[in-house]
Amino acid sequence: MSETSLTGSHTRTPLALRFPSVLIFLAVLGLFTLGVTILSEGFGIGVISTSFVKTLGKTLCLCLVALAMDLVWGYCGILSLGHMAFFGLGGYAIGMWLMYERTRLIVVDSLVASELPPTAQEISDGIATQIFGVVGASEFPPVWAFAHSLPIQLAFVVLIPGLFALIFGWLAFRSRVTGVYLSILTQAMTLALSLYLFQNDSGLRGNNGLSGLQNLPSLDAVPQATVSLWFFWGSAFALGAGYLLCAWIVSGKFGSVIRAIRDDEARVRFLGYPVDAFKLFIFTLTAVIAGIAGALYYPQAGIINPTEIAPIASIYLAVWVAIGGRGRLYGAVIGAAFVSLLSTWFTGGQAPDINLGFYTIQWVNWWTVLLGLSFVAVTLFAPKGLGGLVDLIVDRTSPNRHGADLGPDPGALREKEAEK
Amino acid sequence: MSTRFLTTTAAAALFATTLPAMAEVSCPIKVGVLHSLSGTMAISETTLKDTMEMLVEQQNEKGGVMGCELEAVVVDPASDWPLFAEKARELLTVHEVDVIFGNWTSVSRKSVLPVIEELNGLLFYPVQYEGEESSKNVFYTGAAPNQQAIPATDYFLEELGVEKFALLGTDYVYPRTTNNILESYLKDKGIAEDDIFVNYTPFGHSDWSKIVSDVVALGADGKKVGVISTINGDANVGFYKELAAAGISADDIPVVAFSVGEEELSGLDTTNLVGHLAAWNYFQSADTEANEAWVAAWKARMGEDRVTNDPMEAHYIGFNMWVNAVEQAESTDVDAVRVAMYGQEFPNLTGGTAVMLPNHHLAKPVLIGEIQEDGQFDIISQTEEVPGDAWTDFLPESAVLISDWKDLECGMYNTQTETCVQIKSNY
Amino acid sequence: MLNILRLLTFALAVAAPASAQQADAPIQKVLQEHGDIISKSSRRTIGPAIDALADSGLPAAREVLNRWQAKQMWRNEETGLYVFAEEVDSDTLRIFDVADGMEIGTAPDDDYDQLKPNSGIRGMIGAALVRFQLTDPDPAMRLQALETIARDAEAAHLQTLRGAIETEQDKAIAAAMVRLERLLTIQFAEDDADRIKAIESFAGDLGVDVRATLNPLVRTRLETADAVPETKDVARVLSPASDALPREDAYDLLVSADLAKPRISREDKRAALVANLENGAVAGVQVATLDTEAARDIAYAVLAQQGKVEPVATEAEIDATLDKFVFFERYIAAPPAVALAAASALKSIENKVAVNQGLDLGLDALSLASIYFLAAIGLAITFGVMRVINMAHGEFIMMGAYTGYVVQQIVPDYTLSIIIALPLAFAVTFGAGVAMERLVIRWLYHRPLETLLATFGISIALQQIAKNIFGTQARPLTSPDWLDGSLIINDIVSISYIRIAIFVLALLFLGLILLVMNRTRLGLEVRAVTQNPRMAASMGINPDRINMLTFGFGSGIAGIAGVAIGLYAKVTSEMGSDYIVQSFMTVVVGGVGNIWGTLLGATLVGTLQKGIEFLNPSNTLAAQTYMILFIILFIQFRPRGIIALKGRAAEA
């Protein structure tokens, strides 16, 4: 089983050319970014409101984390129900600096007027009182030790989710926890983390979380219309870069191995590949991507709190990827964008109510039901998700993989066999 | 480029022409309603949305405000805290509302604060809260800790002779801060640290046996035990059931709750809870003519089995004060209305008059009620109007702070150093 | 207009009474005499009024106290006269004379103010009523009197009680009286020997009331002196800088007794420096350099030398001062002999209390384990047999609970409604389970991960539907009267009947499932399908049918668990999700496909949670976090659970 037979080409052509979808995707993303910029309030003609620019920017971040989810689930077969936890950790890491720095500026300003120059301790006490006053404490917990430093907290955006995933993944893969067991275990991890953060003793302001993140320190004068576009661009860039990275990973020999792990782990193991290491790498890498996405998302959302990390969020992430279509990168992006924007539309009260005469369906109340059921329907009838529509347009038949698996799960093939 | 130039000039022209009109009033006057209609908070907040719609309708029947119809703009932040900020921005920039009535949880308020302050909006917040905050753009019509927690604790100390306190709460900001204030207050009153038992449970906690037996065990040193409960939402169901099962009567260990009102009791069989207490600024059972009319109007609109509660009264007072302030200022401009709000008076539903103070809090009476078998409260104590205090006097860091937006124009003024710590609120 | 109305009502009020009120009856006079404090209705000031009534010796006094306590006394706003009253409707009262209880007539309630004694005052009235009740012919009254005394004992009660014991016929009441008499003796007797004797009689008694009586006797006060006094009332000697007496506290005690120089806080030091600010410098030190504590200390020391501020103690001085004094605790609440007797009695009780607390915790853990077991057992069956992850399991629990709620709305009798609700909940969720298996899960047997997601879709849809139908407010599911209350073994160990019922239910299901699995044809077939579906199929077993029945059965049990959980906690649309992760943990920890494993898993999870809660009583949330962490680690070491299936079955 050589690499060439899978990629179908002997010479190394550029990635973008081998995968036209990458090129198309980047082009669409670029046009979209440009379009939004032109239509925005900050730099353009003001057709799109700032709050909608924020929504779009956040959606791009969700697309990025969906991309990570697709890599780990759609390509590597690990159904992680914990990636939104990594997303949240990234958000907390950057949120701590944003909050600390903003508060520090306020405190220093207010102490300038006092008769004696403030000691370092007085400044630190002042910041602590401001940040933790609402949760009934006035001392800095140890986790805030580096909150004063932007570079360190930025490093934490990557390091904390990465280390977390590394340790958890090492423990889990080492003891050969696979399949649904692993899913449940990741869910338990997520629950434990969110419960931990819910405690005030965790030092991250408990249920209140970190707030006011949209106000960038010492950039008070810049209007939100501008800031929102900065973050929108950042998110678009991160999504583009993430897409390229993911496409590069899944394209080469490495990609073949992780797909093989997904399809039949035991065989790959017998072929001599260090399956655990491959899985651990993908798990950790995707956690890092999720962390970066979170660090871009929460300054746009303005507030992060433990509810964001609750297990349900990670399950929704899986739902997006499944609806978009697993095992294809653009599928994840389409799924995340489509479902989250649709969700905004339905819950925003814009969708018209349906009057059945005896009962009026209010979408605010029935949207979740629709989502749940459509999810069942997608799983049952359209396992390829929305991305499958692309196949119809391109009229591409399933590639002959010489008996290798077609679907993302072993079961998909067996079903095919059963049909024959 | 040329189109852009055109639109900007057009916008500028438009702006210029509407500016003088804005200073008066542009019809219709839009009232934003920012309450969750779905998600976990829907049950509490939907009631407030209905209240606002009713108030707007009633006002329109009276001829609106300054000859303008009022229009309620309702959005659904779906109990999702970041969404609150997004929807607030939408209300202020897309719908261009003149005032917002909304929020229930503290975290949702903290989420909205930066947006409201950035866009200079006006928010009326109707729920009892933990204080330690003062925003130029928010009027707090619910109770501050000194309008609910402190009087209830005084009642425990003086009327019930409680010597040992169990502070039970759900683990979030309101109980945390309130209990912190109470701990400090009780120590001032000579209660030893060992006589204060604090416990936090998660939202929706259901296994209360251990905690209830811990509370009973507190009585072992011969002091009268009282429970101050800041337990939130459905967790109360399990708590009160376990309390009833353990056979704890209100005479042995009284429980005073700050988050249990008429609405919450409707999910409970109250026969075993008779005599336990709640502290609020309003109970449905208040015996005044205004309240009778209010309850009747509510029941006529929503159904006979619906109850009224404290945050509804807060909206009632807040809305009416806002209407009066607009008419006084002859404008819906936020700054003009804000100035006109100070000193506004409006009769409470429980008798007496609420006054809006320069610290954006109300002076309101504090009521203590005993739970009755029918799920209503029997009001057994009603104080004079207590002025709301943004910064508590019982925590050393906050005792030096005051809020005065009228003369000092500062929400966080340090009286010791005589400086304004910050103009924006802490969120 | 209003005035006319008021006049009218006044006229009505005057005209309405059928018979005139006896305004000068002696009892009315007593009430009027204390009218102000009665109306003020505060526990602090009400004492004289209650005493006056109780001591008046008037025959009507008892009735007045009773009615007052029951909130049935009203006062006329105009005349200030007190009456008894019953509410006829929301606006009208039927009023009675306080003197003889004769009906006076009806009146609008606007003219009268209700007296609302708070529970503190009600307690005091109760204490005053004791003297009438202790000798009341009704045993319930006498018991109530004993309860009142136990709650707020007064010295006067001791004599009354001793008198009552002599005449008491009922043995149970007499025993309670004797016990109470001994408790009162400890508190109020004059003679120390009597008190010590009573204290000694309680050695090893677990009652909270005993500890409540003894603990105040051993109260101490921290004192300091040059040497430990040789008196007997010294409870213990403390050394400063120990856990019992931190160094700062010890020193502060000396400062407050004027035996030492004060320490200074950072804020005070800062204020002192600011006060001595001259021309941008403090004691010659430039202000700009005073941005560290060390610099401020130096500046302060200079100021102290100049005599501008009070000198403060340095660390070395503090240590030296502390060495000069001893610290000890002195009994202050009772004579030393009594205090010592109480201390030794308490010690004997304490050990027993610890044992019993352990026992109580064990019961709690057992109860929690049985709840987890009930919630997880259905999951264990579906997961174990079919390897199907059913994320909607929690919603089946919720469906069961709502079934119970709906039944209670139709059948008002709580006992009957529970009897109906249990099988009905089983039937409803069995049906839902079978439907789900047929419609969804059947198509996904070989795609376990997708089953997980599809059932999750069903889960959120069901949750939202429940919200739309029943609202998000918790619904009451009330247990029948015979399940109210607790089984009280002693004052420490007790467990509510509802928890016992859940425990019994869990045991029943354990037995039932073991029976079905091991003794019936169905069980045999299920086990066969579990171990090897293809082989089972070739043996003539229809795996499709078995799967369907198993799934229905597992779901049905979830429904019954829902009724049980709803009875002890709450019924909300989100109750399912509270249990789902714990249930999975229980199944995974116990070992998939084994009922005993689930039992062990539930026991482990329940015990663990209670154990952690015991270690960290102030934070229940932390207990849950640590429990999940422990489970994650546990799975590292036993990935297949406590009881792992061996052989081929484990690989399926």
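A short reminder: the numbers here are calculations on the coordinates, not readings from a lab. Source: prediction; values computed, not measured. Backbone-built Cβ (ideal geometry, glycine too); neighbour counts: all protein chains shown.
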> Looking only at the stretch C:321-358, which residues have a backbone nitrogen under 14 Å from a spot 7 Å from the Cα of B:D194 in the C-beta direction?
Replying inline: C:329-333, C:343, C:347
> Can you give the longest stretch of chain C with no exposed loop site, where a site means trypsin sites (Lys or Arg not before Pro) in a DSSP loop (not H, G, I, E or B) with at most 14 other C-beta atoms within 10 Å?
Replying inline: C:309-645
> For A:K58, which aspartates and glutamates qualify as cross-link partners when the Cα separation must be under 13 Å and same-chain residues fewer than eight apart are set aside?
Replying inline: B:E86
>> Report the gain in length on full extension from B:E397 to B:T353: 0.36 nm times residue separation, minus Cα-Cα distance, nm rounded to one decimal.
In response: 12.7 nm
>> Taking the Cα centre as origin and putting +1 on Lys and Arg beta-carbons and -1 on Asp and Glu beta-carbons, what dipole magnitude results for the protein assembly as shown, to the nearest 20 debye?
In response: 8500 debye
> Measuring from a point 7 Å past the Cα of C:A257 along Cα-to-C-beta, which residues in the stretch C:316-331 have an amide N at less than 14 Å?
Replying inline: C:321-331
>> Suppose we flag chymotrypsin sites (Phe, Trp or Tyr not before Pro) only when DSSP calls them loop and at most 14 other Cβ atoms lie within 10 Å. Which is the longest uninterrupted stretch of chain A?
In response: A:44-357
> By its C-alpha gyration tensor, with a ≥ b ≥ c as the square roots of the eigenvalues, how is chain C shaped: rounded for a/c under 1.5, else prolate for a/b larger than b/c, else oblate?
Replying inline: oblate
> In what order do A:C76, B:C68 fall by count of nearby beta-carbon atoms within 10 Å, going from fewest to most?
Replying inline: B:C68, A:C76
>> Let me make sure I get this right: for the stretch A:173-302, a, b and c are the square roots of the gyration tensor eigenvalues over alpha carbons, sorted descending. Under 1.5 in a/c it's rounded, otherwise prolate if a/b > b/c, else oblate. Which is it?
In response: oblate
>> Averaging over every viewing direction, what projected area does the convex hull of the Cα atoms of chain A cover, in nm²?
In response: 25.4 nm²
> Among C:L524, C:I458, C:A272, whose Cα sits farthest toward the positive end of the charge dipole of the protein assembly as shown (+1 at Cβ of Lys/Arg, -1 at Cβ of Asp/Glu, about the Cα centre)?
Replying inline: C:L524
>> Just to be sure I understand the model, the point goes 7 Å from the Cα along the line to the Cβ. What's the resulting C:E147 to B:C27 distance in nm?
In response: 6.6 nm
>> Run through the stretch B:364-405 and list the GluC sites (Glu not before Pro) located in a DSSP loop whose Cβ has at most 16 other Cβ atoms within 10 Å.
In response: B:E373
> Hey, what number do you get for chain C at 222 nm if only DSSP H runs of n ≥ 4 count, each worth -39500 (n - 2.57), divided across all residues, to the nearest 500?
Replying inline: -21000 deg cm²/dmol
>> How tilted is helix C:43-55 with respect to the longest principal axis of chain C? Cα atoms for both, answer in degrees (0 to 90, nearest 10).
In response: 70 degrees
>> Compute and list, largest first, the equivalent-ellipsoid semi-axes of the stretch C:17-121 from the alpha carbon gyration tensor, each √(5λ) rounded to a whole angstrom.
In response: 21, 16, 12
> Against the longest alpha carbon principal axis of chain B, how many degrees, from 0 to 90 and to the nearest 10, is the axis of helix B:235-245 turned?
Replying inline: 20 degrees
>> Output needed: Cys residues of the protein assembly as shown lacking any neighbouring Cys C-beta below 4.7 Å, sorted by number.
In response: A:C61, A:C63, A:C76, A:C246
> Along the charge dipole of the stretch A:208-324, which of A:F231, A:I289, A:V268 sits closest to the positive end, that is, farthest toward it, with unit charges on the beta carbon of Lys, Arg, Asp and Glu (+1, +1, -1, -1)?
Replying inline: A:V268
> Stokes-Einstein D for the stretch C:354-576 at 4 °C, 1.567 mPa s, Kirkwood Rh over Cα pairs, in µm²/s?
Replying inline: 70 µm²/s
> What FRET efficiency, computed as 1/(1 + (r/R0)^6) with R0 = 30 Å and r the Cβ-Cβ distance, is obtained for A:I24 and A:A377, rounded to the nearest 0.05?
Replying inline: 0.60
> Helix C:595-615 versus the longest principal axis of chain C: what angle, 0 to 90°, nearest 10, using Cα atoms?
Replying inline: 20 degrees
>> Please state the shape class of the stretch B:149-257: rounded when a/c is under 1.5, otherwise prolate if a/b exceeds b/c and oblate if not, all from the C-alpha gyration tensor.
In response: oblate
>> Cross-link candidates for A:K54: which lysines have Cα within less than 29 Å, leaving aside residues fewer than 8 places away along the same chain?
In response: B:K30, B:K49, B:K87, B:K110, B:K136, B:K424
> When DSSP assigns beta bridges and you keep just the ones with both residues in the protein assembly as shown, what percent turn out antiparallel, to the nearest 5?
Replying inline: 65 percent
> How much mean residue ellipticity at 222 nm does chain B get from its helices, if each DSSP H run of length 4 or more adds -39500 (n - 2.57) and you divide by all residues, to the nearest 500 deg cm²/dmol?
Replying inline: -11500 deg cm²/dmol
>> Straight-line reach from B:K241: which lysines fall under 18 Å, measuring Cα to Cα and dropping same-chain residues less than 8 apart?
In response: B:K210, C:K570
